[in-house]
Structure formats: C-alpha cells, structure tokens
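The values are calculated or read from the model by the stated rules, or taken from the named source; none is laboratory data. Model, not experiment: these values are computed from the prediction. Quick reminder, even Gly has a Cβ in these numbers, built from the backbone with ideal geometry, and neighbours come from all protein chains shown. We work out accessible area using only protein heavy atoms, side chains counted, and drop any ligands, DNA or RNA first. Shrake-Rupley method; radii C 1.70, N 1.55, O 1.52, S 1.80 Å.
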Amino acid sequence: MLKIENLRAEIDGQEIVKGLDLEVSKGEIHAIMGPNGSGKSTLANVLMGHPRYEVTGGSVMFQGEDVLELEPDERAKLGMFLAFQYPSEVPGVSVANFLRTAVNSVREEELSPMEMFRLIQEKMRVMQMDPKFAERYLNEGFSGGEKKRNEILQMLMLEPKLAIMDETDSGLDIDALQVVAKGVNELRGPEFSAVVITHYQRILRYIEPDHVHVMLDGRLVTSGGKELALDLEDKGYDWVRQEFGSAAQS
Amino acid sequence: MPEDRSIQELGLDEYKFGFHDPEEYFFKTPRKGIDPEIVAMISKHKNEPEWMLEYRLKALESFLSKPTPRWGGDLSELDFEEIYYYIRPMENQGRSWDDVPDDIKNTFERLGIPQAERESLAGVGAQYESEVVYHSLKEEWDKAGVVFMDMDSGLREHEDLVREYFGTIIPADDNKFSALNSAVWSGGSFVYVPPGVHIDIPLQAYFRINAENMGQFERTLIIADEGSYVHYIEGCTAPTYTTNSLHSAVVELIAKPNARIRYSTIQNWSHNTYNLVTKRAVAYENATVEWVDGNLGSKLTMKYPAVYLMGEGARGEILSVAYAGDGQHQDAGGKVVHAAPNTSSLITSKSISKGTGRSTYRGLLKVHEGAVNSKSRVECDALLLDENARTDTYPYIEIEEKKVNTEHEATVSKVGEDQLFYLMSRGLSEEEAMAMVVNGFIEPIAKELPLEYAIELNRLIQLEMEGSVG
Ligand SMILES: Nc1ncnc2c1ncn2[C@@H]1O[C@H](COP(=O)(O)OP(=O)(O)OP(=O)(O)O)[C@@H](O)[C@H]1O
Ligand SMILES: [Mg+2]
C-alpha cells in the first residue's frame, strides 16, 4: 500500500527527514510517536505533497505508484488523506460547500445534491456534530477539538485508502477522543490503512495499532507492537535517545 | 446543474467577449469631442425643454473649467477630444419584446436576457448604445403608480418630477465627471415609487456599449417616496475595444422618510475603459439606503458610492467588492455623512488584487455636530493573490460630534500556501482552491445579491482570474 524508502526532505535548506523507511500494508494501522521537533509533521506534509518542503532523496510509493511528483490533489484522488495538526481556516466557505466540492472532486461520479445532503447528515451524526456546523465557515472560529472532529468528518466523507493523522488526538477531551476513534474505526477494514501520529498511548487504546514506531531526529529508530507505546509512556524519550540516539546521528 | 445552465444562458461563457453588432446609428454627433454646439445638438435631437438645454450648457462650462483630478487613479491618457459624446441606435425603443429590432435582439439574446430574465423579470430597462431600446413594465406596477423608464422618457413624461429632483443630490459642478455627465447625459433610468408601495421583484437594467470610441453617460434618478421599497439592479457587460473608452455615469437616489432603496451593481468593463462614476443618495428620517457594488474589469475605476443621512434614524450601507487584475486599478470605496441624530452606517469593502493589479480603498466618514448617538462601522479587507499585487487604504474620518460610536477595521491577507495546500489535499486543483478562497472572501457581498447575480459575480471573477477576459 505505502512504501517509503530512505526518504530525505528539507525545508529552507534545513534537512528534517533524514533517510526514513516505512512500509504500511493494506488494512494496517501504524502509530508514529516521537518527541517534539523530531519531524513527524514534516513527514506527514511531505507525504501529502506540501510545496514548501523539498524532497532530496528516496522514494514514496503508494499502491505501486511513485507519488513524489504528484500534486496534492492528485494524491488525494489516489486515496491519500491527511488529517492536519493545524487545519487552515477558509472564511466565507461553508463546511457543506467545502465537503461537496471535495467529495465531488475525488469521486469519479458526482453525487446528486440529495445524496450529498444525506451523506453529510449521516457522517455528521457519526461525529456527533451539530448539523449547524455544516453552515459554519470552514474552521473559522472552531475550537481546537471542533477542528479535529471536522478533519475526521472530512475523512469519513472522502473515504481514503490511506489516512495520515497528525496529532488528531491532541487537545481532545475524553468524549471527543472516543468520537474521533469511532470515526476512524468506522473506516477500518481490509482496504483501509492509517498512520497515526500521536504523543499519547491513550488514543491507541481505542484505535489499536498493528505497529508502533518511534521517530527521532528525522528517522524511525525503533518499532514494535502496541506494547511499545506503553513502554514509551513509562520510560520517556530519554530512554530512546540513549538506546538509539547514536544510530540517529550516524 | 441548473445553476450552470443559467450561466450559459447569461452568455457569460461567450463574454470573452466583445461581439459587435454592425453599428447602425440613428443619430451620432458629427464629430468627436465636446463643445456647446455638440451639447445643443444632443439636446435638440432629444427635443428637450429649454431648461434642460441651459442646465447642460452650464454644466459644460463647469466641466471645461475644472481640472482633471490628480488624486486617485492615473487619468493622463484619457483624451476628452477622442470621444463621441452621443450615439443613438437605429431603432427607437420598444414597448414590448416583439417591437425590438432583430439585430438588437440578437445582442440581448447573446447576453441571455430573454431566456434568463424575461420570464422572471417583471420589468426590464436596457441601455443599448446610449439609449434604452427595450423596456417593459409589469402592469401591476403601472397600476400602483410606479414609474420605471429611461431617463429621456422620464424627462418627457414626468417633467415636473424630474425638474424638481434632477441634479439636487449631485449638482452638475460637484466634480469634473458629474459636470461632464450633466452636459451630455443620455439614457439611464428614472424610477419613482409612490408612498407605501413595495416592489418585491428587483428592477433590472442591462447596459452595453457597442460603438468604439464611444462614451457612455447614463443618468439615473430614483425617488422612493415615504415608506416605499425598491431594489434596483444594474448589470453591465462591455465588449472589448482597441482604444480607450469612457464611462461616466451619475446616479442619484432619494429615500424619503421610512423608505428603503437598495441599489445593486455588477460592472464588468472591458480593460481599456475608464469607469468614473458619481453615485450619491440621501436618506431622510428612518429611511435606509444600501449600495451593493461589484467592480470588475476597466482600466481604471473611480467610484465611491455615498449616503447622506439627513433625517433622524436613517441608515446607510455600502458593500463593495473590486477585482484588480494585471494592469488594472480599482479605486473604490464609500462615503457616509451623518447629519442627524441616531443615524447608523456600515461600509464593507473587499478588494482582490492579482498580478500587477492595484486596488485602493478610499473612504470618507463624516459626522456633523449634533448627529448624536450615531454609529458607524467601516471594514475594508484586501486579498492579494500574489506577491506583486498592491493594495492601499485611505480612510478619511472627520468627526465633529463627541457622542458617537465609530469603528474602523482594515485587513490585508494573502492567499496562503498552507490554505491552498489544505484545500488541494482534499482533491481541489490549484485553480479550484484559489477560486474557493476568493469566493469565500467575497461571500459577505455575494450573499446580498439575488442568486443569479451572485453566481454571475463568482463566475466573472473566476474568468478574470483565468485571464480569459478582455
Ligand atoms: N522553515 C524552517 N526552517 C528550519 N527548520 C524548520 C522550519 N520549519 C520547521 N522546522 C523544524 O523542523 C523540525 C521538525 O518539525 P515538525 O513540525 O515536523 O516536528 P514534529 O515532530 O511534528 O513536532 P511536534 O510533536 O511538536 O508536532 C523542528 O525542529 C522545526 O523547528
Ligand atoms: Mg507535529
């Protein structure tokens, strides 16, 4: 499904991702944990094609296709999705209008206005969002938690094959956390893969990962099962730095 | 989608545009340029009363004596000697659609007026070559005593009303361009709404300049008598030319006590047009005047719709949106004068600049002494689509009264890389993402327009962004 090999990427001449490998198979959920500034968001943005980052080496294959040359919208049409750590605000554009445009641009056949309306209603119910949100302007004045719910709502509407979630759990209260997890589990199945970037193992109780990776200074330095997340929470990142710090520097 | 169809029907696809009809003039001034002889010729041709001729001649003097303004936009290439000041089409104006001559009908057809508007429209006034040629008025309005006709007919059929109000809101010598218009005006609309009459369906007028080197000087006067309501819509499409052309209109609105006038404009001039318009309204006790103004195209637009709040409790609103593409300068804004207590006003101005385009907000807020408890809010937002685009803000504020509440807010934003990336990551192409940001930006104005005009506005801005117009 997703195969990243020796990926290197920089921003403003500063190398942030420094030779990263990751393989995600169909139906798998991978968690990536790592200290602040280790390059997790950079990786997520590079995978989706943010123009500000320059890829200086390696490859990213999605379903056998090299996506590094593709525009973000082309990647979206292939079935890639990024739930943003900090979603942008778009004043004057309603959530409903945005969802309509987005869904119709990734789908091969456009939905009728009625089908679209029903779909939006249904997915908003899953996310326990007030229907009034459909008419609010996209992310404008949304609370942190509302923005995150809105990201998952978009994910449910677009039905991607691969979702990258960048700290979707940060800033959520316990109820919201469960709603977001429910949203993700709604899509879970043999055709859906996800990369969940997080600082806390608590979301991994609701979204059980198949693999957990630790990112340090632009690389994945160690991997394991879901118990690795618990270890990390116990021991902190110093432990990782000691164990793997030298590898990260070489 | 039905919305898409109506865009086609409006002929907007074809408005890349500039289709011309053969110019068959009924009457045209024998030469370019302006002098008393030309003015007299226009007046005589129209069979006007003596007082109007005198009015025109006096205005001409004023025009000739005033220097071309040096503030605002660059008018140095505007040559008043290179313009025909009056052209009248072959056929006279028709009372019903069937009377409209074929070639003129073709133009309307291409503009989509019959299909898109005819059925739903109750009344249509359309200016074709300096003159209204097509004009119909719903019967019930006639019954209610509503007058909606071109200004020339207004002068003929309602001379007393015209004489009483014409030029009282914008005196001929107000500025160089109001003087010019007052000297050579032709066409435009005359509207009178009797006391207490509410017109639910907007009155709409279509304009089209069709002759090269021709100036267009329409003159509009709307009088809403006590407690009445009217929404007037002026839509504009101009074909492209090779030499500069001038559009200089004067629009006067009078809202008597408790009346409400809304005046909506979407103008899309070809990129070599100088669009220099004077628009002013007075609102008496508890009356409301709203200007909704969309400015696209033109080489230079200078337009600052004004509301004078003369009676207690009067309200004025000015909503404007301007798009300045490569080589264009949109110098627009609004003026509000609070001259009575408890008056309120709101100016919302939105501009979009792209490439070498330049947009300017120029506004005046004046509160006279004694206009206690007046409230005013000015909000101007500029959106820059790329690095070179330019925007400036000149808010002039003169406040003589202490007990007032005024707010001013100005923002400049750029379409951000992050914003575009966010939208593109959801499957929108770069152009679609850009269009979505822009449409969102003008949404507060678009939602004040009837749906078909909102669609037209969005669509025109998109066409301008693609650089496919003019
Ligand atoms: N324009 C830039 N120039 C140089 N360094 C940058 C620039 N932008 C970001 N960085 C650096 O890149 C590093 C990685 O940032 P990134 O946002 O990917 O970290 P992260 O792992 O997502 O952190 P967090 O857990 O706090 O979200 C940080 O050290 C950041 O300061
Ligand atoms: Mg991050």
Quiz item: Counting only residues 5 or more places away or on other chains, whose amide H sits under 5 Å from the amide H of B:Y86 once H atoms are built in the peptide plane?
Solution: B:T29
Quiz item: Non-local amide H neighbours of B:N175 (under 5 Å, H modeled in plane, Pro and chain starts lacking H): which ones?
Solution: none
Quiz item: When only C-alpha pairs under 8 Å and at least 6 residues apart count, what is the relative contact order of chain A, in percent?
Solution: 27 percent
Quiz item: How far is helix A:144-158 tilted off the main Cα axis of chain A, in degrees rounded to 10, range 0 to 90?
Solution: 80 degrees
Self-check item: Computed E for A:S223/B:E431 - FRET, C-beta separation, R0 45 angstrom, nearest 0.05
Solution: 0.65
Quiz item: Sorted by mean Cβ packing within 10 Å, highest first, what order do the peptides B:45-58, B:73-86 take?
Solution: B:73-86, B:45-58
Quiz prompt | Average accessible area per residue (Å²) across the stretch A:1-110 - probe 1.4 Å, nucleic acids and ligands excluded | solution = 42 Å²
Quiz item: Roughly how many nanometres apart are two label points built 7 Å out from the Cα toward the Cβ at A:L68 and A:N6?
Solution: 1.0 nm
Quiz item: By its C-alpha gyration tensor, with a ≥ b ≥ c as the square roots of the eigenvalues, how is the stretch B:149-190 shaped: rounded for a/c under 1.5, else prolate for a/b larger than b/c, else oblate?
Solution: oblate
Quiz item: What residues in the stretch B:421-470 lose 50 Å² or more of accessible surface when the other protein chains are added to their chain alone (1.4 Å probe)?
Solution: B:F421, B:Y422, B:M424, B:S425, B:R426, B:G427, B:M436
Quiz item: What pairs in A:K40/A:K147; B:K354/B:K402; B:K279/B:K354; B:K66/B:K335 have C-alpha atoms more than 30 Å from each other?
Solution: B:K354/B:K402
Quiz item: Tell me, what ³J(HN,Hα) does each residue in the stretch B:157-167 have, in order and in whole Hz, if you take phi through Karplus 6.51 cos²θ - 1.76 cosθ + 1.60 with θ = phi - 60° and put x for Gly and Pro?
Solution: 8, 9, 4, 4, 4, 4, 5, 5, 10, 3, x
Quiz item: Along the stretch B:426-434, what does the Karplus equation 6.51 cos²θ - 1.76 cosθ + 1.60 (θ = phi - 60°) give for ³J(HN,Hα), rounded to whole Hz, x for Gly and Pro?
Solution: 9, x, 7, 5, 4, 5, 5, 5, 4
Practice problem: Any chance you could give the angle, 0 to 90 degrees and rounded to 10, that helix A:113-126 forms with the longest Cα principal axis of chain A? | Solution: 50 degrees
Quiz item: Using the beta-carbon distance between B:L57 and A:Q121 and R0 = 60 Å, what value does 1/(1 + (r/R0)^6) give for FRET efficiency, to the nearest 0.05?
Solution: 0.35
Quiz item: Chain pair B, A: how much accessible area is buried, both chains summed, with a 1.4 Å probe, in Å² to 100?
Solution: 2100 Å²
Quiz item: Restricting attention to the alpha-carbon atoms of the stretch A:96-250, what are Rg (one decimal) and Dmax (integer), both in Å?
Solution: 18.1, 58
Quiz prompt | MRE, 222 nm, helices only [DSSP H, n ≥ 4, -39500 (n - 2.57), over chain A, to nearest 500] | solution = -12500 deg cm²/dmol
Exercise. Calculate, in whole percent, how much of the Cα-Cα pair population of the stretch A:81-136 lies beyond 16 Å.
Key: 49 percent
Quiz item: Averaged per residue, what accessible surface does the stretch A:130-186 expose to a 1.4 Å probe, in Å²?
Solution: 37 Å²
Practice problem: Using R₀ = 51 Å, calculate the FRET efficiency as 1/(1 + (r/R₀)^6) where r is the Cβ-Cβ separation of A:Q128 and B:D392; round to 0.05. | Solution: 0.60
Practice problem: Mind ranking B:387-393, B:318-324, B:284-290 by how tightly packed they are, going by the mean number of other C-beta atoms within 10 angstrom, highest first? | Solution: B:318-324, B:284-290, B:387-393
Practice problem: Before anything else, pin down the relative contact order of the stretch A:1-66: Cα pairs under 8 Å, at least 6 apart, normalised by residue count, whole percent. | Solution: 48 percent
Practice problem: Calculate, for the stretch A:189-250, the solvent-accessible area per residue in square angstrom, rolling a 1.4 angstrom probe over the heavy atoms of the protein chains. | Solution: 50 Å²
Exercise. Express in whole angstrom the spacing between the alpha-carbon centres of the stretch B:160-191 and the stretch A:113-144.
Key: 52 Å
